[in-house]
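*Asks:* Here it is: the structure, laid out below.
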Amino acid sequence: MGSDERKQELFGKMKEGVIEYDEDQVVEAANALVDEGFDAYEGIMDGLAAGMEVVGELFDSQEYFVPEVLMCADALYAGLDILRPKVDMAGREAVKGEVVIGVVEGDVHDIGKNLVKMMFEVAGFTVHDLGADVPIDEFVEKQINTNSDIVALSAMMTTTMMGMKKAIVKLKEKNPDVMIMLGGAPVTGEIADMFGADGYSENASNAVSEAIKMVAALRKM
Amino acid sequence: MIEELALDCGADVLGFGDVSEALPPGFAHLPVGISVGMANAQSPGGAARYDHRDVEIQSALDEALREIAAFLRLRGYRYFCCPAECDPMESPFTARMAHRFSHKAAATCAGLGWVGRNGLLIHPELGPCVSWATVVTNAPLPLGDPWTEGECRGCMACAEACPAGAISGKGWRRSQGMHRLVDADRCRDSLDTVERETGARVCGRCALACAAVYRGKGAADRKQLALNWSNL
Ligand code: B12
Ligand code: SF4
Ligand code: SF4
């Protein structure tokens, strides 16, 4: 078997393992990939992330629901654990950018936030995770200190959501090019527009779907 | 067959129930709960505290869930494992969900026991000192008869034993849904204190007091006892 053929076979196994939430299959293929000296970064993008993209489609078509997506994410993570330390940074554009991420209030949104975070990491971004229950000012501060390109905020309560508008104004003031993503239960497209944000996701489960869709976008970047 | 599987890996109790009314959002397509219980080995007798997170029991429960999952996967059914306890670092996504799924609800739905005044799941033979884990699935399994009411009768031992006064003494009814019987804040504060003093975040006096009701009785007696608690 040609080496390229073998590589594609292993990518396919990882992709399928993520889609079928089969952690064992992902781990086995990822280990083989490393042992046989194939490129770990390609494995992450064309194996693991490619699988998650299909998961996003299955979620949209209501073939998969939240539990399946979570299991797929765990399978992806298991592969990532093996491949990430092997990524050869030399000769590769070091980082694609920096992101500040956090939940403004409430913990229900944590899963969505963590999924978005993982996807950014997969795509080679440096992620500054502020965790949950984060005061708005901390986002602004962190963005300024790190000069991050993207700020991803989620809020679970209407009251704290109003604080977001201030944050966006402040952030845009300091850096008109910063990209701001909003998510969380009370956030609608109109509100996001009104606040001047660049992207939003409708509700908790859509945040999951949005997060997955981001892989597709990120892979092209 | 699935029963054998779980018992093979050391589970003491196993049952299937309709958990559709107790599921978190996004789980409606997995309406059957497989409830797995493992009795804790430590003797409730002389102990001052009850730790339900015995390492061996936890890993045995995890193993039981893995076996059940493999069994369901092989037959083409959907499933989701809710571990007894979980380390969010180890399994970052599924584990986060486990805290939102009530193992006790799965057990009452499967007919494995009722919820006592102490808010704990009381198995009619093994009592409260059982650790629980759950798998939810779409597999058509033979469903148990759900328990819908507590059987504490005249007993109040746990409420008297709780150092935090966290147990109001109200009885459980399934019709009250996810209604909490125990003041979780008071319990947490008390656990914080214990942790500061001893280094271990363990209390469980509510479980011990209840287990004491069973002490020295054979399984058959326990069943009888459960029915006669009005005499206590
Ligand atoms: C968060 C948590 C805590 C918190 C809050 C507890 C509380 N009372 O709310 C704190 C830290 C205080 C705590 C303490 C303890 N905990 Co705790 N805890 C949990 C955890 C992770 C989630 C429980 C939860 O909040 N669920 C949501 C609420 C709304 O539901 P619930 O309280 O579980 O149960 C209600 C429903 O099940 C409902 N119900 C029952 N049947 C049905 C059916 C239907 C259809 C519906 C709709 C509802 C319904 O009735 C129950 C009572 O109101 C579970 C593990 C798990 N994932 O289930 C362990 C768990 C409940 N804890 C357990 C134990 C042992 C303890 C301690 C003894 C710890 C110790 N050793 O010191 C104490 C005891 C406190 C007490 N008396 O309740 C065991 C109980 C085992 C048993 N035999 O019941 C569990 C199941 C862990 C396990 N894997 O075995 N715990
Ligand atoms: S664990 Fe301790 S503090 Fe909490 S309810 Fe039971 S007896 Fe009370
Ligand atoms: S100690 Fe008594 S009142 Fe408390 S749960 Fe057990 S049987 Fe019920």
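*Asks:* Which of the residues spanning segment B:17-33 are open to solvent by less than 30 Å² (accessible area, probe 1.4 Å), more than 14 Å from chain A (Cβ to nearest Cβ) and at pLDDT 95 or above?
*Replies:* Within segment B:17-33, B:G17 is the sole residue that qualifies.
*Asks:* B:L143: more than 16 Å from ligand 3 (Cβ to nearest atom) and within 30 Å of B:E63 (Cβ to Cβ), yes or no? Lay out the reasoning, then the answer.
*Replies:* Values: more than 16 Å from ligand 3 (Cβ to nearest atom): yes; within 30 Å of B:E63 (Cβ to Cβ): yes.
For B:L143, the condition - more than 16 Å from ligand 3 (Cβ to nearest atom) and within 30 Å of B:E63 (Cβ to Cβ) - is met.
*Asks:* If you check B:G154, B:G127, B:G171, B:G113, which single one turns out to be closer than 13 Å to B:V36 by Cα and within 15 Å of ligand 3 (Cβ to nearest atom)? Write out each step before concluding.
*Replies:* Working: B:G154 fails: closer than 13 Å to B:V36 by Cα; B:G127 fails: closer than 13 Å to B:V36 by Cα; B:G171 fails: closer than 13 Å to B:V36 by Cα.
Sole residue among the options that is closer than 13 Å to B:V36 by Cα and within 15 Å of ligand 3 (Cβ to nearest atom): B:G113.
*Asks:* Name the pairs whose Cβ atoms lie under 8 Å apart, with the first residue in segment B:152-169 and more than 14 Å from B:A207 (Cα to Cα) and in a helix (DSSP H, G or I), the second of a type in the set (S, T, N, Q) and within 13 Å of ligand 1 (Cβ to nearest atom), and 6 or more positions between them or separate chains?
*Replies:* Within 8 Å, no pair qualifies.
Let's see how each residue does on (1) more than 15 Å from A:L115 (Cα to Cα); (2) open to solvent by 10 Å² or more (accessible area, probe 1.4 Å); (3) modelled with pLDDT of 90 or more; (4) of a type outside the set (G, A, S):
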position: A:A49; (1), (2), (3), (4): no, no, no, no
position: A:E53; (1), (2), (3), (4): no, yes, no, yes
position: A:F59; (1), (2), (3), (4): no, yes, no, yes
position: A:Y64; (1), (2), (3), (4): yes, yes, yes, yes
position: A:P67; (1), (2), (3), (4): no, no, no, yes
position: A:C72; (1), (2), (3), (4): no, no, yes, yes
position: A:L76; (1), (2), (3), (4): no, no, yes, yes
position: A:K86; (1), (2), (3), (4): yes, yes, no, yes
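*Asks:* Another question about this same structure. In segment A:53-79, which residue that is more than 14 Å from A:I19 (Cβ to Cβ) and assigned to a loop (DSSP other than H, G, I, E, B) is farthest from the other protein chains (Cβ to nearest Cβ)?
*Replies:* Here the residue is A:Q62.
*Asks:* Residues of segment B:100-131 being under 24 Å from B:G26 (Cβ atoms) and assigned to a loop (DSSP other than H, G, I, E, B), which ones? If you could, list the steps in order and put the result at the bottom.
*Replies:* The initial filter retains those residues of segment B:100-131 that are under 24 Å from B:G26 (Cβ atoms), namely B:100-110.
Residues satisfying the conditions are B:R100, B:F101, B:S102, B:A110.
*Asks:* Could you check segment B:63-88 and list, in sequence order, the residues that are part of a helix (DSSP H, G or I), touching an Asp or Glu at 6+ places or on another chain (Cβ under 9 Å) and of a type outside the set (A, V, I, L, M)? Reasoning before the result, please.
*Replies:* Initially, segment B:63-88 is screened for residues part of a helix (DSSP H, G or I), giving B:63-74.
Narrowing further to those that are touching an Asp or Glu at 6+ places or on another chain (Cβ under 9 Å): B:64, B:67, B:73.
Across segment B:63-88, the qualifying residues are B:E67, B:R73.
*Asks:* Another question about this same structure. Look at segment B:133-158 and say how many of its residues are among the hydrophobic types (A, V, I, L, M, F, W, C) and near ligand 1 (Cβ under 10 Å from one of its atoms).
*Replies:* Total satisfying the criteria: 3.
*Asks:* Just one of B:W114, B:W147 is open to solvent by 50 Å² or more (accessible area, probe 1.4 Å), more than 14 Å from chain A (Cβ to nearest Cβ) and more than 16 Å from ligand 2 (Cβ to nearest atom); which is it?
*Replies:* After applying the criteria, what remains is B:W147.
*Asks:* Okay, moving on. Could you identify the single residue in B:L126, B:L72 that is away from ligand 2 (no atom under 16 Å from the Cβ), within 14 Å of chain A (Cβ to nearest Cβ) and crowded, with 18+ Cβ neighbours inside 10 Å? Please lay out each step first, then the result.
*Replies:* On the way: B:L126 fails: within 14 Å of chain A (Cβ to nearest Cβ).
Testing whether each residue is away from ligand 2 (no atom under 16 Å from the Cβ), within 14 Å of chain A (Cβ to nearest Cβ) and crowded, with 18+ Cβ neighbours inside 10 Å leaves just B:L72.
The values are calculated or read from the model by the stated rules, or taken from the named source; none is laboratory data. None of these values were measured; they are calculated from a predicted model. In this analysis, Cβ positions are derived from the backbone assuming ideal geometry, glycine residues included, and neighbour counts consider all displayed protein chains. Just the protein is used for accessible areas: all its heavy atoms, side chains included, with ligands, DNA and RNA removed. Shrake-Rupley method; radii C 1.70, N 1.55, O 1.52, S 1.80 Å.
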